[in-house]
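Data first, discussion second: the structure below is written as structure tokens.
The values are calculated or read from the model by the stated rules, or taken from the named source; none is laboratory data. Predicted, not measured: the structure shown is a model, and the values here were computed from it. Virtual Cβ from ideal backbone geometry, glycine too; neighbours counted across all protein chains shown. Just so you know, the surface numbers come from the protein's heavy atoms only, side chains and all, with ligands and any DNA or RNA stripped out. Shrake-Rupley method; radii C 1.70, N 1.55, O 1.52, S 1.80 Å.
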Amino acid sequence: EVERILRNITSEIRKFALDVDIFIQVITEFDVLYALSRYADITNSTKPNLSRKPVVKLVNTRHPFLKDPVPITVELGDGRDSFGGLIISGPNTAGKTVSIKTIGLLTVMALSGLLIPADGESTIGYFDKILADIGDPQSIERDLSTFAAHIVRLKSIIDISDYNTLVIIDEIGTG
């Protein structure tokens, strides 16, 4: 009798399967939007200006995953057709890696349509590609030292990058 009742209930519910699927999709979209808006509130995020030119201007920006990040201001490019480079140098534990990871991460976030933890006058340009060489890419399987692995990755970056590519490199001379 229990099995018959469960079959009947299942048969009745099956009629609404498509509606339930649509409802789940809608609720999921709302949940994602709510989570993104809560995250933006928690991190004091704003909508950056977007530019077709290769430019990164982050004003009082903070790394979104750090508990008490030190705000930085970075400006790369002037919005014209040229884009320069930035070399960050200094002693260990001075925040160089955090700074370049913040630039890369917030650029990806902004180009993905997310609000970023930076002041409202920040501007992110559109990049066709964002490439990075961060960390220690040595490979025992391929018999590459840290230095050789960096060289291989840098060659790959050079081969596929163009005018509209943001390239982020950390610790270029290690190994």
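Each residue of region 120-125 is assigned a 3J(HN,Hα), and the resulting list reads x, 7, 5, 9, 10, x Hz, derived from the Karplus form 6.51 cos²θ - 1.76 cosθ + 1.60 (θ = phi - 60°), x at Gly and Pro.
Distance from the C-alpha centroid of region 150-165 to that of region 49-66: 22 Å, rounded to the whole angstrom.
For percent of Cα pairs over 26 Å apart, one of (1) 43; (2) 34; (3) 48 was computed from the structure I shared and the rest are decoys. Which label? After the calculation, the listed value that fits is (3).
Shown here is the pair-distance distribution of region 1-86: with all Cα-Cα distances grouped in 10 Å bins from zero up to the longest one, the shares run 13, 22, 20, 15, 11, 10, 6, 1 percent. Highest mean packing first, where packing is the average number of other Cβ atoms within 10 Å per residue, the peptides 12-18, 45-51, 33-39 line up as 45-51, 33-39, 12-18.
Remark: the chain carries 68 Å² of accessible area per residue (probe radius 1.4 Å; ligands, DNA and RNA excluded).
Length available on full extension from V70 to T93: 0.36 nm per residue minus the Cα-Cα distance, which gives 7.0 nm.
Taking Cα atoms only, the orientation of helix 17-42 departs from the longest principal axis of the chain by about 40 degrees.
Principal axis extents of the Cα atoms in region 1-50, from largest to smallest and rounded to whole angstrom, are 62, 21, 8.
Probe radius 1.4 Å, ligands and nucleic acids ignored: give me the carbon and sulfur share of the accessible area of the chain as a rounded percent. Carbon and sulfur: 59 percent of the exposed surface of the chain. Taking the C-alpha atoms only, the angle from helix 146-160 to the longest principal axis of the chain is near 80 degrees.
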